1. I'd like to know which of A:215, A:23, A:138 lies farthest towards the positive end of the charge dipole of the protein assembly as shown, counting +1 on Cβ of Lys and Arg and -1 on Cβ of Asp and Glu.
2. Label points 7 Å out from Cα along the Cβ direction at residue B:429 and residue B:447: separation in nm?
3. Using the Cα centre of the stretch B:62-292 as origin and beta-carbon charges of +1 (Lys, Arg) and -1 (Asp, Glu), tell me which of B:119, B:129, B:247 is placed farthest towards the positive end of the dipole.
4. Could you tell me the largest-minus-smallest coordinate of the C-alpha atoms of the protein assembly as shown on each of the three principal axes, in descending order and whole angstroms?
5. Need one value for A:123-136: mean number of C-beta atoms belonging to other chains within 10 Å of its residues' C-beta atoms.
6. How large are Rg and Dmax for the stretch A:51-219 when calculated on the C-alpha trace, in angstrom?
7. Helix B:177-194: angle to the longest alpha-carbon principal axis of chain B, degrees 0 to 90, nearest 10?
8. Measure nothing but the geometry: give the 0 to 90° angle between the long axis through the Cα atoms of B:86-99 and the longest principal axis through the Cα atoms of chain B, rounded to 10°.
Amino acid sequence: MNREDFLERVRSAIKVSELPPIPEAPPGGLVPDLPRAGVTERFLEQVEAVDGHTHLVGSDDEAVHLIGVLLEQYGATDYLAWAPDHLPVAGLAERLRATPLDAVVPGDAEGRLEHQTGYTDLLVGITGASAGLAESGSIVLEAGPGRPRMASLIPLVHIALLRERDITQSLSHWIADHAEAAADTSNLFIITGPSRTADIEQTLNLGVHGPKHLHVVVLGG
Amino acid sequence: MNVPVTFVERAHRGIGNRSTAAGEVGARRMMSHRIAASADYPAMEEMRDQARRIRLYALGHLDELLARFSDEVEGAGGHVHFAADADEAIAYIRKVAEETNVRRIVKSKSMVTEEIHLNAALEAHDLEVVETDLGEFIIQLSGDTPSHIIAPVMHKTRQDVGELFSEKLGIEYTDDPTELNNVARHHLREIFLSADMGISGCNVAIAESGSIVLVTNEGNGRLTTSAPRIHVAVMGMERIVPTLSDAAVILEVLARSATGQRLSVYTNIVTGARRPGDPDGPEEFHVVILDNGRSRVLAGDAAEVLACIRCGACLNVCPVYREAGGHAYGFTYSGPIGAVITPSLMGLAEWHDLPYASSLCGACLDACPVRIDLPGLLLKLRRDAVSEGLGPDGLEGALKWFTRLATNPGMWRGATRAGGWSAKLIARQGWIKSLPGRGSAWTDYRDLPAPAAKPFHARWKERQRES
Ligand code: SF4
């Protein structure tokens, strides 16, 4: 059906519709009344509540050290990381490059990842989050140049780096300040804990498609 | 084996069997999660009211919002197809598949594609279609249909799944959910990364940016929309809201009502295809906007049902759903929402028994995050069915007799007295367990309280005399 006929059919349906009273003005969002104070603590607590791991670090050096430890702990031989200017830790890329690990960075001439089948067994992905949401224990990420979607999707372990000052109360709070966020990127996504399913007898299982382990590293100050 | 055609026949199959029992335990668990999640969120009631306003606003302005949405999708380099019905939607998706040499398709869970029987239609044209939500994957492997709109395999036990995987995937039998889970991850991962097209549904569409929002807990929604080179989203035309802020309200109440989570694990907001410089994401983005009976529902007196955000809360609280199981509803949508939406979309002629699959206890209205008056809509549909001569057998005749009796005092007195006498003969301890003839339609399923030995009007007279 062409667009005009389709929309005309909708228009005439609305005219005779017996809907309950329709608000005249667009209702818009609703920002719940949640305190700003204590967001960091609430965020860390809530990430843990949804089975994520949290790390609060005081300096870039500490963050780099921590990531090194995590990579070693998981026995990673390679990792897929967002480009250095999209990670909130200065010098992370250089420091990691100095280790014997192979980084897998966005590939061909157009910046497109090389054929994805190569990433089936990728163990660790490292990304930078735009925001943390205290109420739900979520992180907000925006894909784009230098920021592959796959880094938070394919590996078994996802390490997300976040500045403490980017933690806010809730999704509605963040969106109230970033009304254009959906239009600004081809993929805006909000992650709340590791991949989970309870499809088989409602028994919780982590890592069914996405990462099984989520580490959120918060850079204090 | 006869295919059961009515709700009662299908429910008979479900009641008391192992699958329905598994489903009932699941539904109760999901219900308590929802209640806990709402109780610990002081803003929940306010959010529900706002979500209702947003959904009603969207329905009342659907034409404008869809026009804006489609402009924005095209502005972001995507393609929009308006499909009047299932055939048009399927034809478009097949055309895209053909033009872009698609062979393998991955799907993330979507009710609307089940509604139009998309998989079968694509498979008939030699396309390989793989469901990737763990529950849907199990359903597809076993050739079954989902029994719950959020938890499609609620009716299967771990042993069922273990047997299925060992038979179809050639693994050694295990009924350990963690191992079954790993098997599925491994099997599906390779399929994802070699698929040409991903087909998703759409939980919410955002008009101002031309975005679609998908929520999943497993991550298959993100893989479906990111890994293959073509992404096709199929949305019921009513799924839309004006802005990202409106979407946030819907997302908050959706997750809490569906599974008791504060937000689903992955909230995936997709705007167009991959942009220049993006390292990954699909090369093409298509949205199919589906009517398939919705404009007729919008024009009717059950239009409010289109405000539904498909959370499944009304299923979990429904005593009829829990006893009869999801399959008794005979179509994609089950529970109270199914009892309203199926006859509304598909016509009462074939589905006039569904509005009776409810005791009208009102639990669904209490649970519904957007406060849809499901009991009221069920009554409207019952009324419509009766006035179209589609009521339950004999109802019309019975009502005519009732009217005649009730409007003639002499006949009424005679009849109630006769009723009292005969009830005395068959009642046991105040209950009638079985009635002959047409009366068995009631007593087959529940007991009937015996009428008082002396009818009300007789006792009233006595009282007046005494005082
Ligand atoms: S009718 Fe209400 S409770 Fe039922 S699925 Fe729809 S939104 Fe949820």
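1. Of A:215, A:23, A:138, it is A:23.
2. Between residue B:429 and residue B:447, the simple spin-label model gives 0.6 nm.
3. Going by the Cα projections, it comes out as B:247.
4. So the extents along the principal axes, rounded to whole Å, are 102, 54, 52.
5. 1
6. Rg and Dmax of the stretch A:51-219, Cα atoms, are 15.7, 47 Å.
7. Between the helix axis and the principal axis of chain B, the angle is about 50 degrees.
8. 10 degrees
Bear in mind that the values in this text are calculations on the coordinates, not laboratory data. Everything quoted here is computed from the prediction, not taken from an experiment. Here Cβ is always computed from backbone atoms with ideal geometry, including for glycine, and neighbour counts include all displayed protein chains.
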